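Trainee: Please read through the structure below; I'll follow up with questions.
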Amino acid sequence: MSHIEIVILAFSLALDASTVALALSATGCLGTKRAKFRISFHFGLFQSIMPVVGWAIGTQLEPFIASFGHWIAAGLLSFVAVRMIRSATHSPEDQGVRDPSRGWFLVTLSTATSIDALIVGLGLAALRISVWYPGVIIGLVTMALSILAMLVGERAGKKLGRRGQTVGGFVLLLIALKILLSHIS
């Protein structure tokens, strides 16, 4: 696998994570640089680790995981989306809105956006390609694109106000739908 092919693969895998980062930033719930760093770092970390995990599992379980991995990713993203939309319709005091860059919320987002990277790792194992270099490149590209997306999302969120949270939730639902449709067809 050439360097250019790895970079193209990394960009394609980073699109879901960067779109989620954009949506989160547009909601205004990533107010600090630290929260933005946690999101971008964890998205990049999970995108790096998941191909390694997939590669380690090997081709034995690939058909099994491929048959339901998209359902897991879509379900996790839908869960997060519904929470975002609900919190936009309630006051923060009623909802108990939490920082999405912490705890299980962060793990859920990071996992949901990196399921495809797990499948890629399984494919690399089937092709007998070392996963270490692609894993690092995938993680770095995801982290960089997530940072750029959050900068764009922050500007959009200032214009959208509280509606940004609703828009962000619907964007996540659209990503979940795209995942399901791409695997059904």
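The values are calculated or read from the model by the stated rules, or taken from the named source; none is laboratory data. Because the structure is a prediction, the values reported are computed rather than measured. Here Cβ is always computed from backbone atoms with ideal geometry, including for glycine, and neighbour counts include all displayed protein chains.
Trainee: Restricting attention to the range 59-69, does a residue exist that is at pLDDT 90 or above, out of contact with any Cys (no Cβ under 6 Å at 6 or more places or on another chain) and surrounded by 15 or more Cβ atoms within 10 Å (Cβ to Cβ)?
Mentor: Taking every residue of the range 59-69 in turn, none turns out to be at pLDDT 90 or above, out of contact with any Cys (no Cβ under 6 Å at 6 or more places or on another chain) and surrounded by 15 or more Cβ atoms within 10 Å (Cβ to Cβ).
Trainee: Looking at the range 110-139, which of the residues that are of a type in the set (A, V, I, L, M, F, W, C) and under 12 Å from the mean Cα position of the chain (by Cα) is nearest to residue 67 (Cα to Cα)?
Mentor: 115
Trainee: Shifting gears a bit: Could you tell me whether any residue of the range 144-155 is crowded, with 23+ Cβ neighbours inside 10 Å and either farther than 14 Å from residue 25 by Cβ or modelled with pLDDT under 85 (or both)?
Mentor: No, the range 144-155 contains no residue that is crowded, with 23+ Cβ neighbours inside 10 Å and either farther than 14 Å from residue 25 by Cβ or modelled with pLDDT under 85 (or both).
Trainee: Still on this structure, please answer the following. Name the single residue that is modelled with the lowest pLDDT among those in the range 71-126 being among the hydroxyl-bearing types (Ser, Thr, Tyr) and in a helix (DSSP H, G or I).
Mentor: 87
Trainee: Turning to a different aspect of this structure: I'd like the full set of residues that are in contact with a Gly (Cβ under 9 Å, 6 or more places away or on another chain) and either among the small types (Gly, Ala, Ser) or surrounded by fewer than 21 Cβ atoms within 10 Å (Cβ to Cβ) (or both), limited to the range 16-28.
Mentor: Scanning the range 16-28 gives 17, 21, 23, 25, 26, 28.
Trainee: Right, another one. For residue 37, work out the one condition from (1) modelled with pLDDT under 90; (2) out of contact with any Gly (no Cβ under 8 Å at 6 or more places or on another chain); (3) surrounded by fewer than 21 Cβ atoms within 10 Å (Cβ to Cβ) it doesn't fulfil.
Mentor: With (1) modelled with pLDDT under 90; (2) out of contact with any Gly (no Cβ under 8 Å at 6 or more places or on another chain); (3) surrounded by fewer than 21 Cβ atoms within 10 Å (Cβ to Cβ) applied to residue 37, the lone miss is (1).
Trainee: Also, I was wondering about something else. For the condition touching a helix residue (DSSP H, G or I) at 6+ places or on another chain (Cβ under 8 Å), at pLDDT 70 or above and among the hydroxyl-bearing types (Ser, Thr, Tyr), what is the one hit in 32, 27?
Mentor: Only one candidate qualifies: 27.
Trainee: While we're here: Taking interchain pairs and intrachain pairs at least six residues apart, which have beta carbon atoms under 8 angstrom, with the first residue in the range 136-154 and of a type in the set (Asp, Glu) and the second in a helix (DSSP H, G or I)?
Mentor: Sorted first by the residue in the range 136-154, then by its partner, the pairs are 154/25; 154/26.
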